[in-house]
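The values are calculated or read from the model by the stated rules, or taken from the named source; none is laboratory data. Just so we're clear, the structure is a prediction, and the values are computed from it rather than from any experiment. So basically every Cβ, Gly included, is an ideal-geometry build from the backbone, and we count neighbours across all protein chains shown.
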Amino acid sequence: MFAALRRTLPVLAALPGVVQFATPAWGQSQATVLEEVLVTARKRDETIQNVPVTENVFTQQAIEAAGIESPRDFVAMVPNMTLVEVQNVGNSFITIRGISQARNSEPSVAVLVDGVLETNPYQFDQELTDIREIEVLKGPQGALYGRNAIGGAILIHTADPSDYFSGAVRVGVGNGVSEKAQVAVSGPIDSTGTLKYRASLNYYDTDGYRENSYLNRKADPYRDYSGRLRLLWKPSEQWSADLRALFDRVETTAYYYIIPRANEASVFSDFSTPPNANDVTSPIQNNNLGTDTRDVTDVALKLDHSLGGGTLTAVSDYNRTKEIDTGDAFDFRPIPTSLLYFFTGGVPAALGGPFDQSQSQFIDVTTYSQELRFTSPKIGGFSWIAGGYYVHTERFISTDNLVDRGQGVPAVYETPLVDPANPFATNTNATFLSDSQNNNAWAVFGDAIYEFTKQFELDAAIRYDEDERQNTTRTPTAFLPPATLGTAHTGEVRKHTFDAAQPKGTLRYKPTDNLTFYGGWSRGFRSGGFNQTGVGAVAAASGHLGVHDLFNAEIAETWEVGAKSEFLDRRLSANAALYYTDSHNGYFFYFDANTSTQNLGNLDARYKGGELELTARATNWLDLYANFGYTDGKVTHMEDPTVIGNKPPLLTKNTVNAGFQVHEPLGGGVNGVLRLDYQMIGRTWWDPYNVTDRDPINLLDARAGVEADRWSVTAWSKNLTNKIYNAEFSPGGFLWRALPRQYGVEFGYRF
């Protein structure tokens, strides 16, 4: 009975930190032998039990069983890892063990797709279609994965092209008038099978889930079109070429934040309501629906050449990401009840009123990267990797405050709207800032592993990064903030070079086949950069300390010990890790309402904590998992001395991830499946001032359905209990409401 689980459930017990109750993929045999799951945490294929890295893995079967379709889905099952979804498309913030990111910042984790580093954080939040495996590595991984792997690394592997023609289709509908469709096909192109392909398309559309009470319509319609193509050519045993292309377009809305007031019924009664991250009663009521459109194009080529003494690999990548946002500005209300309208006394029509503000931001980022590395075989217990990396980045950003007279918000790109012939001439600029960046970064790295005995292994790695950044002020002189006059000008060029070594040392002790201990020290690096020209002077004039036109690079040093274990004939796995991190020049976010710019400052912080992960095959039909994470931290230095001792930004003190899956044969080759996943996100602090924190959040996802050899029907729900909470709190009191309950049904078919 329940033979369908006999192949996968023993594997679960063998996978430390693997939160997966994976039913066999459709059409697979009911094998009972133990399967070895391979990971690439050290850029070589190894079994997860042998890798001295705290790692969570989701196989293709687990991805299907859990309904993982976006980054938030797998993050919800990883301890000490949280995802803050924000309004900007693709700009979600990953926090691992306290190390976080902010708008316009470098990410806190390195994200690699098929071994290619994503060079732009706006790429991250995409639909996960046709994925073979996801690996989450915790702690600094910069020695192998470079700058920005300061908190960890996420390795996403897409499905490989197949030797024969095959495919899959998945369609579904849900609340919010949502619909989705996914299709993937794969097979050989030539008769010899040396050239193979895999192509997939994804479509998702919804009218939205959050209500705008002023416009009397949904605030968050969303549409996503994306596609992937892989071509794999292997002309000989020595050579292979893997070409990967991606396009993704998202169309949605923007800037429907909430800034609560003590009395929402009164127009001018109180603008001094203390910030409260737990306010879930204030409505969304911006008078401009706004737009947010993002386009991503990515093309990568990976070449492998097997030599007598190892493998030479070259990885080339081109990426372009463009995003334009338009919508309301502070305080995101209808004109007659807005803060600006109140303070201007309700400007009469004869004087150009009534009005408040709207905003527009345009970002255009193009990157070219190249990696070359050599991987040796294991000879006499010794193996090594050495290589180099280069990336060139061109980035343009403009931020525009406009006068909003209720006539819509135009998109502003490279130049301000000042032409009277423009149809939006009455929607004129109040402020306009723009900058371009031309950045070049390079690195060299190496990793050496020596196995003294079958029990002891030493892994020593190091990477040196140098990041040269050049920022050119594109703001017309007439629009430069008054505080910068005499110190800034159009065409001004600012340059700065950030560099750091990222060493890592790990010792592994494996006394038995089912027990592994490891410990080590590592240093991570995240590059600094430029805020928009003039922001530092504006921040200083308003009394905000620690924000300058330049923000520094972050260095984080981590000590860690951990253990991986298996018991009860590999039916139970128990894994634990403890860590201590000292971060210097970590990021914090500062929003300047005067210019609607999003900026970064620096602070020092310390973090400590640990994880406990349990996975069990309780019976032949019931599987369980439970993960616990704890992180504590405090600010140890900042220019504003009043924040020292506070909690660092986006720190979540506790996380719990738990769930079960039941897999029941119903007869006739049909199985019934029931799955529940629970997530507790503990108390969360949002900024270094700790003006407010969010109470713990409890979320429940559910899936139930039937499946056969080639088809499946599944009913699903995310946030099953309809927990209403705020996904984000930004400095300045900005709230963004999380998604309410979602539910639907989907049908899948393989051929």
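Among the residues in the range 155-165, are any outside any loop (DSSP other than H, G, I, E, B), buried (at least 22 other Cβ atoms within 10 Å of the Cβ) and on the phi < 0 side of the Ramachandran plot? There is at least one residue in the range 155-165 that is outside any loop (DSSP other than H, G, I, E, B), buried (at least 22 other Cβ atoms within 10 Å of the Cβ) and on the phi < 0 side of the Ramachandran plot. Just checking, does the range 137-151 include any residue being under 30 Å from Arg333 (Cα atoms) and either crowded, with 17+ Cβ neighbours inside 10 Å or in contact (Cβ under 8 Å) with a residue 12 or more places away in the chain (or both)? No, the range 137-151 contains no residue that is under 30 Å from Arg333 (Cα atoms) and either crowded, with 17+ Cβ neighbours inside 10 Å or in contact (Cβ under 8 Å) with a residue 12 or more places away in the chain (or both). The number of residues in the range 74-88 that are in a loop (DSSP other than H, G, I, E, B) and surrounded by fewer than 24 Cβ atoms within 10 Å (Cβ to Cβ) comes to 5.
There is at least one residue in the range 534-555 that is part of a strand (DSSP E or B), acidic (Asp, Glu) and either within 20 Å of Glu55 (Cα to Cα) or in contact with a Phe, Trp or Tyr (Cβ under 9 Å, 6 or more places away or on another chain) (or both). Checking each residue in the range 704-751 for being in a loop (DSSP other than H, G, I, E, B) and among the small types (Gly, Ala, Ser) picks out Ala708, Gly732, Gly733, Ala738. When restricted to residues that are in a strand (DSSP E or B) and crowded, with 20+ Cβ neighbours inside 10 Å, the range 618-650 contains 7. Among the residues of the range 430-470, those that are over 30 Å from the mean Cα position of the chain (by Cα) and of a type in the set (D, E, K, R) comprise Glu451, Lys454, Glu457.
When Thr581, Thr615 are screened for being farther than 30 Å from Ala329 by Cβ, modelled with pLDDT under 95, of a type in the set (Val, Ile, Thr) and buried (at least 20 other Cβ atoms within 10 Å of the Cβ), only Thr615 passes. Looking for something aliphatic (A, V, I, L, M), modelled with pLDDT under 95 and over 20 Å from the mean Cα position of the chain (by Cα) - is there at least one such residue anywhere in the range 208-217? Yes: the range 208-217 contains one or more residues that are aliphatic (A, V, I, L, M), modelled with pLDDT under 95 and over 20 Å from the mean Cα position of the chain (by Cα).
Checked against (1) within 22 Å of Thr490 (Cβ to Cβ); (2) surrounded by fewer than 17 Cβ atoms within 10 Å (Cβ to Cβ); (3) not hydroxyl-bearing (Ser, Thr, Tyr), Gly536 meets all criteria but (2).
Number of residues in the range 666-679 that are surrounded by fewer than 17 Cβ atoms within 10 Å (Cβ to Cβ), part of a strand (DSSP E or B) and either of a type in the set (A, V, I, L, M) or touching a residue at least 24 places away in the same chain (Cβ under 8 Å) (or both): the value is 5.
The numbered conditions (1) farther than 30 Å from Gly381 by Cα; (2) part of a loop (DSSP other than H, G, I, E, B) are all true for Thr453 except (1). Just a yes or no: is a residue in the range 106-121 in a strand (DSSP E or B), acidic (Asp, Glu) and in contact (Cβ under 8 Å) with a residue 12 or more places away in the chain? No; the residues of the range 106-121 include none that is in a strand (DSSP E or B), acidic (Asp, Glu) and in contact (Cβ under 8 Å) with a residue 12 or more places away in the chain.
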